[in-house]
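First up is the structure itself, then whatever we jot down about it.
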Amino acid sequence: MCSPNLDIVYQFTNSHLFGSENKKSKWKMEYEDTIYKIYDWDRNLAGYFFPKYDLVETTNDEEDIDGEEEELIEKLNKSHEKVRGGNILFPMIKLNLLDKEEGIDLDYTIDSLEQNLQRSRAWRQWLQQNHRKFAIIGNAVCTSREDRNMLSIVLGVDSNIILGEKETLTALTPLLDELHEVGLL
């Protein structure tokens, strides 16, 4: 997974930045193997949330570290601990140009690139206008592991988030709703 450059940190102290509304979310969340899968109301996978666990290494043995980290992460999630942000991964654009056995029509190629450029610009504009509102401190674009034609965007979020499916979903719902409303999700 690619990771955004999170060296830039904003001093954002609004404790009600996320999840301030108590309405029921149409989104669903499922915790699995240290990450949270985000589903839309049609139960389609819409993204992933990777909490920033900030674990401290206590041993030099890599196998012990991995086992201890997984155990500690499980405890943090079960006890609904607070973490400081994380990374959210969403699909950004679908190229439909790579790995074609036959040649691709030039007009189709140009149309596809123009549509994807338009969508990429919409993401950039949205980030420029909303990064402070949602405490987004970095972003990166990477190729999806499952589909070389899909580019995903990773948003680094710097806000307090309580772990647990319901709690994390409550924290992320305003961001998800906003992205859905503007047609980016």
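The values are calculated or read from the model by the stated rules, or taken from the named source; none is laboratory data. Keep in mind that this is a model prediction, so the values were computed, not measured. FYI the Cβ positions are ideal-geometry reconstructions off the backbone, even for glycines, and counts take in every protein chain you see. Quick note on the areas: whole protein, heavy atoms, side chains included, nothing else; ligands and nucleic acids left out. Shrake-Rupley method; radii C 1.70, N 1.55, O 1.52, S 1.80 Å.
Side notes on the structure shown:
- Test for residue 141: is it in contact with a Cys (Cβ under 9 Å, 6 or more places away or on another chain) and in contact (Cβ under 8 Å) with a residue 40 or more places away in the chain: yes
- Screening residue 77 on (1) open to solvent by 30 Å² or more (accessible area, probe 1.4 Å); (2) part of a helix (DSSP H, G or I); (3) under 23 Å from residue 50 (Cβ atoms) shows it passes everything except condition (1).
- Of the residues 129, 118, the single one that is under 20 Å from the mean Cα position of the chain (by Cα), surrounded by fewer than 14 Cβ atoms within 10 Å (Cβ to Cβ) and either free of Cβ contacts under 8 Å to residues at least 12 places away in the same chain or part of a strand (DSSP E or B) (or both) is 129.
Residue-wise test of (1) modelled with pLDDT under 95; (2) closer than 19 Å to residue 156 by Cβ; (3) in a loop (DSSP other than H, G, I, E, B); (4) open to solvent by 100 Å² or more (accessible area, probe 1.4 Å).
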| residue | (1), (2), (3), (4) |
| --- | --- |
| 1 | yes, yes, yes, yes |
| 7 | yes, yes, yes, yes |
| 26 | yes, no, yes, yes |
| 36 | no, yes, no, no |
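- Among residues of region 159-185 that are farther than 14 Å from residue 77 by Cβ, those with a beta-carbon under 8 Å from a residue that is open to solvent by 20 Å² or more (accessible area, probe 1.4 Å) and among the acidic types (Asp, Glu) at least six positions away or on a different chain give the pairs 173/21; 174/21; 180/40; 185/40.
- Residue 152 passes every criterion in (1) among the hydroxyl-bearing types (Ser, Thr, Tyr); (2) surrounded by 15 or more Cβ atoms within 10 Å (Cβ to Cβ); (3) at pLDDT below 95 apart from (3).
- Of all residues in region 41-74, those that are in a loop (DSSP other than H, G, I, E, B) and either at pLDDT below 90 or closer than 19 Å to residue 144 by Cα (or both) total 10.
- Yes/no for residue 96 being in contact (Cβ under 8 Å) with a residue 24 or more places away in the chain and in contact with a strand residue (DSSP E or B) (Cβ under 9 Å, 6 or more places away or on another chain): no
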